[in-house]
């Protein structure tokens, strides 16, 4: 039996008090339940399925990929080539190391930053989600609320080396750092947040983090596990024109296969063994099968830049459909659309700026909406903190069906 009935708590539906959706099959833009009923899927693996489920460019010829083996435990030319391709799109990643998950990537980046600066303190932001290692779970977004760190297995010593600020609030950053600037190893941030709804940085916010990192001798770490390459091959850092010292990527890079990476300035990454004293490693790190899948993802995106225009156009149509419903009903909800992401929360006013705004959303209303949409064949994330992801295989008909369902489901 599975502990808690699932392998990741968000899947259980506990955060909105709804039953767990059990899936038996997936294809294209659709998920199927155990009874074979089809649903338009906007979970999309929580982000990585930019091409939808089972895209031919990713799943064709898998026997050939597997014939050479899934894991070797040695370095091979294709992982070096993949690193070169990633660096071409994200020049800030002068050197990188592949791992298996986003959690590993961020955990490793933090360790390297602490070693490079010889400091311990990490500043992170409420509502950002960086994985399920100890430091990351303090005041985290997604469905990772850890209300009691000690009961959640997080030692008090971990909490002493973390300060948490409000996203989009440089005054709060200065306040929580005051008197501790010389102990700061890193500022860790989602440059664009996807785990407390979709929250964009306000003008000057990321630049302010860059300036403060420089001033106190700390490293700036961008967690782009959700944003690269969903927002484009230059990532959030390219779009926002702010260069971090370190970057973490994952999820979409493998098109659903488990691969991630962390990297940054060459002098920082020289801290890693065997060149330096910091150990990170893993038998599956850079394994040939997942590396080959990542090459396929980049092949598709580099050959088809129109995919971004296509998905953004569909997402705008979906967002406009929601806006029209809200205007007709007099509902005071703001809709956010960014490339292939659509989001709104059951909270009056402007789009969320931070986690305080996000937590003000009405969970009960979202639960009722989630249930009503599921009954109408639309699969949404079972959490108020998650967003809707579109893929290149969603169609205008899917969007129209979704808007019609929302028109019935919304009060």
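Being modelled with pLDDT of 95 or more and over 21 Å from the mean Cα position of the chain (by Cα) holds for only one residue in 19, 56, and it is 56.
All of (1) under 20 Å from the mean Cα position of the chain (by Cα); (2) surrounded by fewer than 21 Cβ atoms within 10 Å (Cβ to Cβ) hold for residue 408 with one exception: (1). Here residue 245 meets each of (1) crowded, with 22+ Cβ neighbours inside 10 Å; (2) under 25 Å from residue 46 (Cα atoms) with one exception, condition (2).
Residue-level check: of (1) at pLDDT 95 or above; (2) surrounded by fewer than 16 Cβ atoms within 10 Å (Cβ to Cβ); (3) outside any helix (DSSP H, G or I), residue 88 misses just (3).
Listed here are the residues, each with its yes/no results for (1) buried (at least 18 other Cβ atoms within 10 Å of the Cβ); (2) out of contact with any strand residue (DSSP E or B) (no Cβ under 8 Å at 6 or more places or on another chain); (3) at pLDDT below 95.
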| position | (1), (2), (3) |
| --- | --- |
| 335 | yes, no, no |
| 361 | yes, no, no |
| 375 | no, yes, no |
| 385 | yes, yes, yes |
| 393 | yes, no, no |
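Exactly one residue out of 69, 57, 4 is touching a helix residue (DSSP H, G or I) at 6+ places or on another chain (Cβ under 8 Å), outside any loop (DSSP other than H, G, I, E, B) and in contact (Cβ under 8 Å) with a residue 40 or more places away in the chain: that is 57.
Only one entry of 319, 312, 292, 350 meets the criterion of being farther than 30 Å from residue 89 by Cα and either touching a strand residue (DSSP E or B) at 6+ places or on another chain (Cβ under 9 Å) or surrounded by 21 or more Cβ atoms within 10 Å (Cβ to Cβ) (or both), and that entry is 350. Counting only residues that are in a helix (DSSP H, G or I), without any contact (Cβ under 8 Å) to a residue 40 or more places away in the chain and buried (at least 19 other Cβ atoms within 10 Å of the Cβ), the stretch 162-207 holds 2 of them. The single residue among 141, 131, 102, 52 that is closer than 27 Å to residue 11 by Cβ and not assigned by TED's automatic domain parsing to the domain that holds residue 217 turns out to be 52. Screening residue 367 against (1) crowded, with 20+ Cβ neighbours inside 10 Å; (2) in contact (Cβ under 8 Å) with a residue 40 or more places away in the chain; (3) part of a helix (DSSP H, G or I) leaves a single unmet condition, (1).
The values are calculated or read from the model by the stated rules, or taken from the named source; none is laboratory data. In this text, all values refer to a predicted model and were calculated from it rather than measured experimentally. We place every Cβ from the backbone using ideal geometry, glycine too, and count neighbours over all the protein chains shown.
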